[in-house]
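Let me give you the structure first, and then I'll get to my questions.
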Amino acid sequence: MGRRGRGFHRRFLRWGEAALALAYPPICQVCHEERAVPRLGWVGPRCRRQVKPVRPPFCHRCGLPFDGVITGPFECGNCRDADFSFESVRAAVLAEGVVRQVLHRFKYDRAVWFRPFLGRLLVRAARPGLSSGHWDLLVPVPLHPSREREREFNQAELLARFLGSRVGLPVRADLVERIHETPTQTHLGREARQENVRRAFRARPGCSLEGLSVVVVDDVLTTGSTTDAVARQLRRLGAERVCVWVVARAR
Ligand SMILES: [Zn+2]
Ligand SMILES: [Zn+2]
């Protein structure tokens, strides 16, 4: 768990829960109009019903859902000329509506009490594949240390630990580090952007993942260039296979 250790994060999560526990009866923290169960991450049944799971057809590489009828595996136009270091991305749900709002508040407003809600979505979708015995460890997408200090936690790591404890896989947050913040780069072309993101991560020298199968975990995936950059470093450490699991897929 990075520089602060797991104790810090456990205390931080408990503090978040305690702040809400003062509000009784527990109210849905999305709509504030229905009862919610803290264990389910403070999102009530009506809001939970609005969540859209990712269902086939989706690109077998980057997990992008496709509206329409396709039978059998397909690859989207984007992936056909991409050279990704991961073999596949899977997402539990679409990054829309309630999920989008919760992800934003989880990350930027320190709404850590949403972790069970997001974590359970991830566990439900990822457990069948990850419990197969074919995977060795989970690696959260790292934040730059100054960003993590400012935010006080890494949302990807909180989710990876939630998932790891439920599928019985260890979490390693020390294998890849983020050495540059990636500034807004909307003015750059796709290739320049990818090159920038690639340079932002570095594999920890002296670590070896020889022959291991590794799962990168993040909260949300948009273009895939960040997770790809992390996957690339894991491959450099010798990982044989790298796949990606995220809570939500943006289109
Ligand atoms: Zn609600
Ligand atoms: Zn694709």
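The values are calculated or read from the model by the stated rules, or taken from the named source; none is laboratory data. Predicted model only: the values in this text are computed from it and were never measured. Please note: Cβ atoms are built from the backbone with ideal geometry, for glycine as well, and neighbour counts cover all protein chains shown.
Output the number of residues of the range 45-76 satisfying the condition of being over 24 Å from Asp218 (Cα atoms), more than 16 Å from ligand 2 (Cβ to nearest atom) and either crowded, with 16+ Cβ neighbours inside 10 Å or over 26 Å from the mean Cα position of the chain (by Cα) (or both).
Counting residues in the range 45-76 that are over 24 Å from Asp218 (Cα atoms), more than 16 Å from ligand 2 (Cβ to nearest atom) and either crowded, with 16+ Cβ neighbours inside 10 Å or over 26 Å from the mean Cα position of the chain (by Cα) (or both) gives 2.
Among the listed residues Thr223, Thr182, Thr227, which satisfies the condition of being in a helix (DSSP H, G or I), of a type outside the set (D, E, K, R) and surrounded by 13 or more Cβ atoms within 10 Å (Cβ to Cβ)? Step through it out loud before you land on a result.
On the way: Thr223 fails: in a helix (DSSP H, G or I); Thr182 fails: in a helix (DSSP H, G or I).
Answer to the check: Thr227.
Being of a type in the set (Asp, Glu) and part of a helix (DSSP H, G or I) is the filter here; which residues of the range 56-87 pass it?
None - no residue of the range 56-87 is of a type in the set (Asp, Glu) and part of a helix (DSSP H, G or I), so the list stays empty.
Follow-up question, since we're still on this one. If a residue has to be in contact with a strand residue (DSSP E or B) (Cβ under 7 Å, 6 or more places away or on another chain), loosely packed, with under 15 Cβ neighbours inside 10 Å and either part of a strand (DSSP E or B) or at positive phi (or both) to count, how many in the range 203-220 make the cut?
Counting residues in the range 203-220 that are in contact with a strand residue (DSSP E or B) (Cβ under 7 Å, 6 or more places away or on another chain), loosely packed, with under 15 Cβ neighbours inside 10 Å and either part of a strand (DSSP E or B) or at positive phi (or both) gives 0.
Going residue by residue through the range 138-145, is there one that turns out to be assigned to a helix (DSSP H, G or I), over 23 Å from Arg55 (Cβ atoms) and either touching a Cys at 6+ places or on another chain (Cβ under 8 Å) or touching a residue at least 12 places away in the same chain (Cβ under 8 Å) (or both)?
In the first step, residues of the range 138-145 are kept if they are assigned to a helix (DSSP H, G or I); the result is 145.
Then keep just the ones that are over 23 Å from Arg55 (Cβ atoms); that gives 145.
When the remaining residues are screened for being either touching a Cys at 6+ places or on another chain (Cβ under 8 Å) or touching a residue at least 12 places away in the same chain (Cβ under 8 Å) (or both), the result is 145.
So far as the range 138-145 goes, yes, one or more of its residues are assigned to a helix (DSSP H, G or I), over 23 Å from Arg55 (Cβ atoms) and either touching a Cys at 6+ places or on another chain (Cβ under 8 Å) or touching a residue at least 12 places away in the same chain (Cβ under 8 Å) (or both).
Right, here's the next one. I'd like to check something: does the range 80-99 contain any residue that is surrounded by fewer than 23 Cβ atoms within 10 Å (Cβ to Cβ), within 13 Å of the chain's Cα centre (by Cα) and modelled with pLDDT under 95?
no
Under 6 Å by Cβ, and 6 or more places apart or on different chains, what pairs join a residue from the range 179-204 that is closer than 13 Å to His144 by Cβ and at pLDDT 85 or above with one that is small (Gly, Ala, Ser) and surrounded by 11 or more Cβ atoms within 10 Å (Cβ to Cβ)?
Hits for this filter: His180/Ala200; Val197/Ser225; Val197/Ala229; Phe201/Ala229.
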